[in-house]
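The values are calculated or read from the model by the stated rules, or taken from the named source; none is laboratory data. Keep in mind the model is a prediction, meaning the values are calculated, not measured. All Cβ positions, even for glycine, are placed from backbone atoms using ideal geometry, and neighbour counts span all protein chains on display. When the accessible area is computed, the model is the full protein with side chains, heavy atoms only, and any ligands, DNA or RNA have been set aside. Shrake-Rupley method; radii C 1.70, N 1.55, O 1.52, S 1.80 Å.
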Amino acid sequence: MGVLTGLEPKTVFRYFEEICNIPHGSGNERQLSNYIKDFAEKRNLSCIQDEWNNIIVIKEATTGYEAEEPIILQGHMDMVAVKEPESDIDMSKDPLRLEIDGDYITARGTSLGGDDGIAVAYALALLDSNDIPHPCLEVIITVGEETGMDGAREIDLSMLKSKRLLNLDNEEEGILLTSCAGGARADCKLPVSLEKRRGITLKIQVSGLKGGHSGAEIIKEGGNANCIMGRVLDAIIQKTSASLVSIEGGLADNAIPIFCEAVIIVEKAEVNESFDIVSKIENDIQTELTIKDSGVTVSIKERRDYADITGIGYTASTNETASTETSEIQEEIYVNCLTPESMKKAVSYIMAMPNGIQAMSADVKNLVETSLNLGIMKLTGDTLLLEYSIRSSIESSKEALISKLKAISDLAGAEVEIRGDYPGWAYKQDSPLRDKMVRIYERMYGSKPRIEAIHAGLECGIISSKIKDLDCISYGPDMKDIHTTGEVLSISSVKRVWDYLLEILKDK
């Protein structure tokens, strides 16, 4: 018996749990795509699986709805796969460990993937039904939404007939989304030089942050572990000869990073001073983020597990102790690290690059207009990589921000590669689908839904460019802290949105 057995609607939650048992992080969607294809074929439904693993399933109208205009139901099958540092789960192979906490479903130690697994579950439940009235359903389930919307960009939709699309990729019930920002990914690569150096290795960790979706949560202006680490390193090199051995932070460019770890090497006489510097900057950061991100911590300790430092060479005696007390300082070792010139350039580069909100909308209250998120930072061989997710509801502002990244990178001697560029989704003045959904919502709940724009990216913009005069609305159940290990999905909201969806399909 499954963890979600007994929850209503039963069929939706049964399929959601089956989806959670299939690894489907971005770039690893093949198994889930095959599952959906097999599902459709067993029910004799028309199904197309393209070379990208996108899926289109068509189910003909039920009796009495043959003359009604068809409707597209759309979501994506990939999830942002993040886990707590101490978790032993392999998200490329293992199922999620679902738990129920009151009205919420969560996954122990990992993200849940309610974004957008619940859309797939809704679609499968409808496709599996024999007693739900509906017009012809054209179901689109894409891949790679979380990493640049590659699936939506590549999918061929020329065979579809509908001019109405209901996107099920919204995380707040009661809101009809009618437009969204465009965006792009930027891979910024700074070449660095390495040298072998003798000294003491210290491990610095930034942790305890809330994180979140870089579109939906960036307005909260919480901490970014990668940016905080840049500040820590900058403070250390101002007063010591420290150099970087390794650094890695963040798991996805569109998730605000909650953890970053760096290993540095210093002279033995600089160990205590390094501890003092980190202690001071931790206090500074905690003071700055008291309200916005109160759980942040910055820690430092001696690095003893030398073999765990990926990609470096070392020389260490075999009888060294594992003490992390500064009064029992380890023997000096040799490691590969950045040269002094590269260290200064790398830290300056991190510090100079922008992050967070760049502009707020002048038209829509409390809407972020332009932002970027330093989601991934790591040292790989002789290259420091910074990966950004860039968003803006104004195309020219997005391009200007990309130009800024390129200008700073050019000064630093770095290269910038832009990928996953996708258009925004413009508000449609005349929207029969929106009018219908408002009318049904008022009838069911006695109040009007909110009509809003969103800073996060949705696939509606790309799909609208492929289907002329497409009328789109995005809607979905309540979720919190998506793209984080604290992600939760409301059970009661899933039921209400399901009931609402059935009324939308039933209405003529």
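At a probe radius of 1.4 angstrom, the accessible area of region 252-300 per residue rounds to 43 square angstrom. Between Ser158 and Met351, the FRET efficiency estimated from the beta carbon spacing at R0 = 41 angstrom works out to 0.25.
Along region 269-281 the Karplus relation, 6.51 cos²θ - 1.76 cosθ + 1.60 evaluated at θ = phi - 60°, assigns HN-Hα couplings of 6, 9, 4, 4, 5, 4, 4, 5, 4, 5, 4, 5, 6 Hz to successive residues, with x for each Gly and Pro.
Summarise the long-distance tail of P(r) for the chain by giving the % of C-alpha pairs beyond 39 Å. Of the Cα pairs, 29 percent sit more than 39 Å apart.
Extents of region 436-508, largest first, come to 39, 33, 19 Å (Cα atoms, principal axes, whole angstrom).
Database remark: amide H of Ile72 closer than 5 angstrom to the amide H of Glu138, Arg164, Leu165, Leu166 (H placed geometrically; neighbours at sequence offset of 5 or more, or on other chains; Pro and chain starts carry no H).
Counting only DSSP H runs of at least 4 residues, each contributing -39500 (n - 2.57), and dividing by the residue count of the chain, the helix-based mean residue ellipticity at 222 nm comes to -9000 deg cm²/dmol. Straight Cα distances below 17 angstrom link Lys404 to the lysines Lys189, with same-chain residues fewer than 8 positions distant left out.
Between the beta carbons of Asp50 and Asp469, assuming R0 = 25 Å, the FRET efficiency works out to 0.55 to the nearest 0.05. Taking a ≥ b ≥ c as the square roots of the eigenvalues of the Cα gyration tensor, region 144-289 is classed as prolate, since a/c reaches at least 1.5 and a/b is larger than b/c. In the context of the full set of protein chains, region 1-73 has a per residue accessible area of 50 Å² (1.4 Å probe). Taking the average, over residues, of other Cβ atoms within 10 Å as the packing measure, peptides 438-450, 290-302 rank 290-302, 438-450 from highest down. Rounded to the nearest 10 square angstrom, Lys210 shows an accessible area of 120 square angstrom against a 1.4 Å probe.
Close amide H pairs (under 5 Å, H built 1.01 Å from N) link Gly27 with Gly144, residues at least 5 positions away or on another chain.
Of the beta bridges in the chain, as assigned by DSSP with both residues counted there, near 80 percent are antiparallel.
Applying a threshold of 26 Å to the alpha-carbon distances of Lys468/Lys495; Lys42/Lys83; Lys196/Lys378 flags Lys468/Lys495; Lys42/Lys83 as lying beyond it. Entry note, the chain: relative contact order of 23 percent, from Cα contacts under 8 Å with a spacing of 6+ residues. Quick one: go through region 235-269 and flag any residue whose amide nitrogen is under 20 Å from the point 7 Å out along the Cα-to-Cβ line of Ser87. So the set is 248-261.
Along its first, second and third principal axes, ordered by size, region 357-505 spans 60, 35, 30 Å in Cα coordinates.
Solvent-accessible area of region 158-211 (1.4 angstrom probe, protein heavy atoms only): carbon and sulfur portion equals 42 percent. Highest-first packing order for the peptide set 200-206, 359-365, 158-164 is 200-206, 158-164, 359-365, based on the mean count of other beta carbon atoms within 10 Å. The Cα center of region 422-494 and the Cα center of region 133-195 differ in position by 13 Å.
On the principal axes of its alpha-carbon atoms, region 69-115 has extents of 50, 28, 14 Å, going from largest to smallest. For the residue pairs Lys239/Lys301; Lys59/Lys161; Lys436/Lys480, the alpha carbons lie more than 24 Å apart in Lys436/Lys480. For region 10-92, trypsin sites (Lys or Arg not before Pro) are listed when DSSP marks them as loop and at most 16 other Cβ atoms sit within 10 Å of their Cβ; the list is Arg43. Between Lys239 and Arg43, the FRET efficiency estimated from the beta carbon spacing at R0 = 51 angstrom works out to 0.15.
Test of understanding: extend the Cα→C-beta vector of Ile394 to 7 Å, then name every residue of region 455-473 with backbone N under 13 Å from that spot. From region 455-473, the list is empty. Annotation for region 27-69 versus region 230-291: alpha-carbon center distance of 49 Å. With Cα atoms as the point set, the radius of gyration and Dmax of region 414-473 evaluate to 15.8, 57 Å. Each peptide among 397-403, 487-493, 213-219, 128-134 gets the average number of other Cβ atoms lying within 10 Å of its residues, and from highest to lowest they stand as 213-219, 487-493, 397-403, 128-134. Taking one quarter of the surface of the C-alpha convex hull of region 1-74 gives a mean projected area of 6.7 nm².
Enclosing the Cα atoms of region 1-154 in their convex hull gives a volume equal to 122 cubic angstrom per residue.
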